[in-house]
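Right, I'll just put the structure down here and ask away after.
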Amino acid sequence: MGTVVGKWRLKLLLLLLILLTITYTVNGMFIEVQDSLDTEGYYYPDYKDIEYNDTASATDSGDDFISVLTQLGEFLTFQNIDNAYAMLFLNMFTSVCFISIGYIVFTFIKEFIPFV
């Protein structure tokens, strides 16, 4: 009972959230944006006359829901890193952080809500 109660739980939770935020921020900084931009086939009118895009690719320019989820999954699993060992290490590190956050929240709920 003495190891569950205390301020250490909040400090550890904040530390884990800060570590995850730093890790994903640095990962986001190293994504190459130029590879994901596709500007071929688009018509850029002058600023004076505003016209519709006269190519058929304008209707397909937005991503559908599945590709957004795929890109989010690639970002969360560090798919932009070429080194497999670094990617494995970062995935294991973030998995341990998320499991620890879940356990800390579970013990906090178990402490204050009976019969859980």
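The values are calculated or read from the model by the stated rules, or taken from the named source; none is laboratory data. From a predicted model like this one, the values you see are computed outputs, not experimental measurements. When we count neighbours, we look across all protein chains shown, and the Cβ atoms used for this are built from the backbone with ideal geometry, even at glycine.
Under the condition of being part of a loop (DSSP other than H, G, I, E, B) and under 13 Å from V105 (Cα atoms), which residue from region 1-17 is modelled with the highest pLDDT?
Here is the first cut: in region 1-17, the ones part of a loop (DSSP other than H, G, I, E, B) are 1-7.
Remaining after also requiring under 13 Å from V105 (Cα atoms): 4-5.
Working: V4: 60, V5: 66.
Only one residue fits best here, namely V5.
What are the residues in region 87-104 that are among the aliphatic types (A, V, I, L, M) and touching a residue at least 12 places away in the same chain (Cβ under 8 Å), if any?
The first filter runs over region 87-104 and keeps only residues among the aliphatic types (A, V, I, L, M), leaving 87-88, 90, 92, 96, 99, 101, 104.
L90, I101, I104 - these are the residues of region 87-104 that are among the aliphatic types (A, V, I, L, M) and touching a residue at least 12 places away in the same chain (Cβ under 8 Å).
Sort through D82, D35 and tell me the only one that's acidic (D, E) and either in contact with a Lys or Arg (Cβ under 6 Å, 6 or more places away or on another chain) or at pLDDT 60 or above (or both).
On the way: D35 fails: either in contact with a Lys or Arg (Cβ under 6 Å, 6 or more places away or on another chain) or at pLDDT 60 or above (or both).
D82 is the lone residue from the list that is acidic (D, E) and either in contact with a Lys or Arg (Cβ under 6 Å, 6 or more places away or on another chain) or at pLDDT 60 or above (or both).
If you don't mind, there's one more thing I want to ask. For D54, only one of the following conditions fails: (1) loosely packed, with under 11 Cβ neighbours inside 10 Å; (2) under 23 Å from the mean Cα position of the chain (by Cα); (3) at pLDDT below 65. What is its number?
Going through the list (1) loosely packed, with under 11 Cβ neighbours inside 10 Å; (2) under 23 Å from the mean Cα position of the chain (by Cα); (3) at pLDDT below 65, D54 breaks only (2).
Collect the residues in region 94-116 that are under 15 Å from N27 (Cβ atoms) and in contact with a helix residue (DSSP H, G or I) (Cβ under 7 Å, 6 or more places away or on another chain), keeping them in residue-number order.
T94, C97
Looking only at region 64-108, which residues are part of a helix (DSSP H, G or I) and exposed (fewer than 10 other Cβ atoms within 10 Å of the Cβ)?
Start the filter on region 64-108 by keeping residues that are part of a helix (DSSP H, G or I), which leaves 65-76, 84-108.
Correct list: F65, I66, A84, Y85.
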